[in-house]
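Only one structure is covered here, and it is reproduced in the block below.
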Amino acid sequence: MTARAAPAPARGVVARILPRSAVDGPGNRAVVFLQGCDFDCLYCHNPETRALCVHCGECAPACPSGALTARPAAGPERPFGLEVAWDATRCVDCGACVAACRRDSSPKAVAMSAEEVVASLGRQRAFLSGITVSGGECGLQPAFLESLLVASRAAGLPGLVDTNGSTDYAALPALVEAAEGFMLDVKAWDEDEHRALTGASNRAVIANLRFLAAAGKLYEVRTVVVPGSFDAERTVREVSRALVDSGSAARYKLIRFRPQGVRARWRGLPVPDDDTMAALAALARAEGVREVVVV
Amino acid sequence: MSASLSVITDRSLTYQQKVAALAKVGEETVRPLSIDPETQALRDAGVVCDLFEGSAPYRPRYVVPDYERFMRRGSAFLGLEPPRDIWEATTALLVLYRHVPSITTFPVYLGDLDALLEPFVRDEAEARKAIGLFLLSIDRTLNDSFCHADIGPDATTAGRLILELSREQKNAVPNLSLKYDPDRTPDDFAILAAATALEVAKPSFANHRLFASEFEAMGLGDYAIASCYNGLAKGGGSCTLVRMNLAALSPRSKGLDDFMGRVLPDAVERQLSYMDERVRFLVDESGFFESSFLVAEGLIRKERFSAMFGLVGLAECANDLASRGSSGAGRFGHDADTDALALSIVDRIASIVGSHRVGRLEANGGRYLMHAQVGIDSDRGVSPGCRVPIGEEPELVEHIIQSAPFHRYFPSGIGDVFAFEPTAKSNPRQLLDIVRGGFTHGLRYLSAYAADADVVRITGYLVKRSEIARLNSGGQSLQDTTALGRNAVNNLGVLERRLRS
Ligand code: SF4
Ligand code: SF4
């Protein structure tokens, strides 16, 4: 047996930390949103977490409170010759910077170590069941994600991973082991439909669904229902079968599309009615899914 | 109109409520207590208040029978053998409840029901039926929300049935506490309790480790939660509860120094002397401890009785004193200096109360127990105990951390009430997390309900909104506490608590 080399201390790009949420897994959880995502979903509710900031400086003048400053900077990571710094103490959370950014990014994402993230929870810690790491897409920062799950677990806070499933988790056994469980989005079963919806293939997603379910690491699967955008019935049926086939106890959450917070051009997407949602839930139950939730 | 005639002709009172009210009128015809003029002046000013206990104490305010002993030995006076099955057990308890004295005529403590009934749970279906009828009888015959039952800290079938049936029946009575100990109470049982609380506003969560260690240290051993949230020695109780209205006291001072140095210590001494006098009459003259069969049969013992020194309106008192200081002071619950001032007031009261001994009572070495009183229905602009006023509540975790330092001073009761968004029901473990975090920070007692429940916690007791509506439309309500709840809704805005998500 050989000792595993200690992973290099990884810093993550953290978009935001919500100290306490009751809707991101069991109990109260701190939610750590990582910056950066490889899908481009029509109904994305956090478009400002999609891209890493390139420090173009365009958002700085939009800030009404002087929280953003663009200073001259050099180097390959600063192609515009600028660096945008964010002063949290002056920020009034108005959102003007995010609205001004044309690159689906935010100047407020910060690089943090796993220990810093855990320490930032402070007095909330005693009131939490654990943490949930979300995004953006947290799987794009696997080394940091693993170190965060390990540090959090050591602090008595097991971590759930909220992921779009584009990362091959079967190739990351230490990360999977460190996680309490996964919350996986399956946006569409058909690959072409998935591409139309997200701009990316879903092969990795479905492979992860089967892998995590069989490994007993799947806490929840979610599908956002947008009438007319994909075959929801087929998606729900196939996901349900995958869960039942692997004996997974994961619950299946069916989410009604809501236009609030979505990019302006997609706010007109149709919202599913109660009957549609109830029929899909009934379908999942009929397939034998243990717990089906409609929100 | 005379007091008795106005009771007799009151169309909003049930027959039972009239009988109890007439007993009070009768008691008020005698005034055997000797009260010095200065103390009487504080009573007249609403600073010192015995909360309608009556002018001639003929029974302790809070009687906490040793129901375990009753189950083991039955009662010679009542002609009851020890029960042998669930039907006999529930019937025996209902019989005894009828004979437990209090100031409302209804018992304030109904026992640690899960432990009492568990030995008789043999067939679950039969136990469910028996306990269901038992709880129904309690709600329909003990018509007062201060009737309080306890469960926990261990999980039992009886405890689970009590929770499940409470959720089904949605009754205001009994008030219910779960003695919660993270090392003993399994998560699934605690989550069932949390889910039940979010449906029917009970049980509340009592910090079992804190209560148990304190009552052990006081040499009293086993404790019970009675009435609102009062920690008391099992097999004993409290002779009286007198409260100090700090909101009414601070305006009588010239400022902080005068308050701490003169006004407060003087008022505390007067309240102590008034309590001493009530205890003296009860113990020396009323004959209660010489004549009650509960004493004769060992179900209560005089040496396990104390008395409760209550206080109310700390927030308003601290805000008043802080605002009269030099710099622009912040509000209680939001400003560290004002909170520290409030804590020093409580500390000062506790040290005076702690150095006072009453020879007649042996419990806790003759020292009275501190109690954060929840208020009475006529209070206006007086927040319960040490609570932050409704409408000014901080964020949930900040609120709990702000409140926790006060809790250690009040072994005979203090608690916070939190109202949750109805969506909280889908994640009851969230409430358990709040309870666990609170207890880690030293919180003693926590109650929760969801905003859409019919049963709501007023201050320490439960009332059904539908019953308040019935009273408002000119009808009668079975529970005497409904009228109190209606007034508190109007005067304290208890339905406007900040909603937590
Ligand atoms: S957040 Fe957007 S606009 Fe602002 S500097 Fe970064 S990339 Fe440019
Ligand atoms: S959110 Fe903060 S940083 Fe962004 S514009 Fe507003 S104040 Fe400035």
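For the reader, a short list of remarks on this structure follows.
- Dimensionless Rg ratio for the range B:222-349, taking C-alpha atoms and the 2.2 N^0.38 Å reference: 1.34
- For chain A, the longest principal axis of the alpha carbon atoms and the long axis of helix A:232-245 meet at an angle near 80°.
- On Cα atoms only, tilt of A:203-214 relative to the major axis of chain A in degrees: 70 degrees
- Summed side-chain charge close to B:Pro65 - residues other than B:Pro65 whose Cβ falls under 14 Å, Lys, Arg +1, Asp, Glu -1: +3
- Between the listed residues B:Pro411, B:Val374, B:Ser213, the Cα displaced farthest toward the positive end of the dipole of chain B, a dipole computed from Cβ unit charges relative to the Cα centre, is found at B:Val374.
- Rounded accessible area of B:Met260 (nearest 10 Å², 1.4 Å probe): 40 Å²
- Accessible area per residue (1.4 Å probe, heavy atoms of protein chains only) ranks B:Asp266, A:Asp104 as B:Asp266, A:Asp104, with the largest value leading.
- Remark: the range B:298-398 carries a charge dipole of roughly 840 debye about the Cα centre, counting +1 on each Lys and Arg Cβ and -1 on each Asp and Glu Cβ.
- Residue by residue along A:115-123, Cβ atoms of other protein chains within 10 Å of the local Cβ number 1 on average.
- Surface calculation, 1.4 Å probe, protein heavy atoms: B:Asp320 sits at approximately 40 Å² accessible.
- The tail of the calculated P(r) for the protein assembly as shown beyond 33 Å holds 60 percent of all Cα-Cα pairs.
- Reciprocal mean inverse distance between Cα atoms of the range B:320-371 - Kirkwood radius, Å: 13.0 Å
- Taking a ≥ b ≥ c as the square roots of the Cα gyration tensor eigenvalues, the range B:67-185 comes out rounded, since a/c falls below 1.5.
- Residue ranking by accessible heavy-atom surface, 1.4 Å probe, largest first, among A:Ser106, B:Ser34, B:Ser6 comes out as B:Ser34, B:Ser6, A:Ser106.
- Note on B:Phe305: accessible area approximately 0 square angstrom, rounded to 10, probe 1.4 Å, nucleic acids and ligands left out.
- For chain B, the membrane-span-like helix rule (DSSP H, alpha carbon extent of at least 20 Å along the helix axis, mean Kyte-Doolittle at least 0.0) picks out B:124-141, B:336-354; this says nothing about an actual membrane.
- Prolate/oblate/rounded label for chain A (Cα gyration tensor, a/c 1.5): oblate
- Degrees between helix A:142-154 axis and first principal axis of chain A (Cα, 0 to 90, nearest 10): 80 degrees
- Dividing the summed helix terms, -39500 (n - 2.57) for each DSSP H run of n ≥ 4, by the number of residues in the protein assembly as shown produces a 222 nm estimate of -10500 deg cm²/dmol to the nearest 500.
- Shape box of chain B [Cα atoms, principal axes, largest first, Å]: 69, 53, 50
- Positive dipole terminus of chain B, leading residue within B:Ala92, B:Leu499, B:Ile345 (C-beta point charges): B:Ala92
- Dipole magnitude of the protein assembly as shown, debye to nearest 20 (Cβ charges: Lys/Arg +1, Asp/Glu -1, about Cα centre): 460 debye
- Radius of gyration and Dmax over the Cα atoms of the range B:167-212, both given in Å: 11.0, 31
- The spacing between the range B:307-369 and the range A:184-211, judged by their C-alpha centroids, is 62 Å.
- Protein-only accessible surface order, largest first, of B:His208, B:His99 at 1.4 Å: B:His99, B:His208
- Anisotropy class assigned to the range A:60-100 is prolate, per the alpha carbon gyration tensor with a/c at or over the 1.5 cut-off and a/b larger than b/c.
The values are calculated or read from the model by the stated rules, or taken from the named source; none is laboratory data. Since the structure is predicted, the reported quantities are computational estimates derived from the model, not experimental observations. Cβ: placed from backbone, ideal geometry, glycine included. Neighbour counts: every protein chain shown. Note: areas computed on protein heavy atoms with side chains; ligands, DNA, RNA excluded. Shrake-Rupley method; radii C 1.70, N 1.55, O 1.52, S 1.80 Å.
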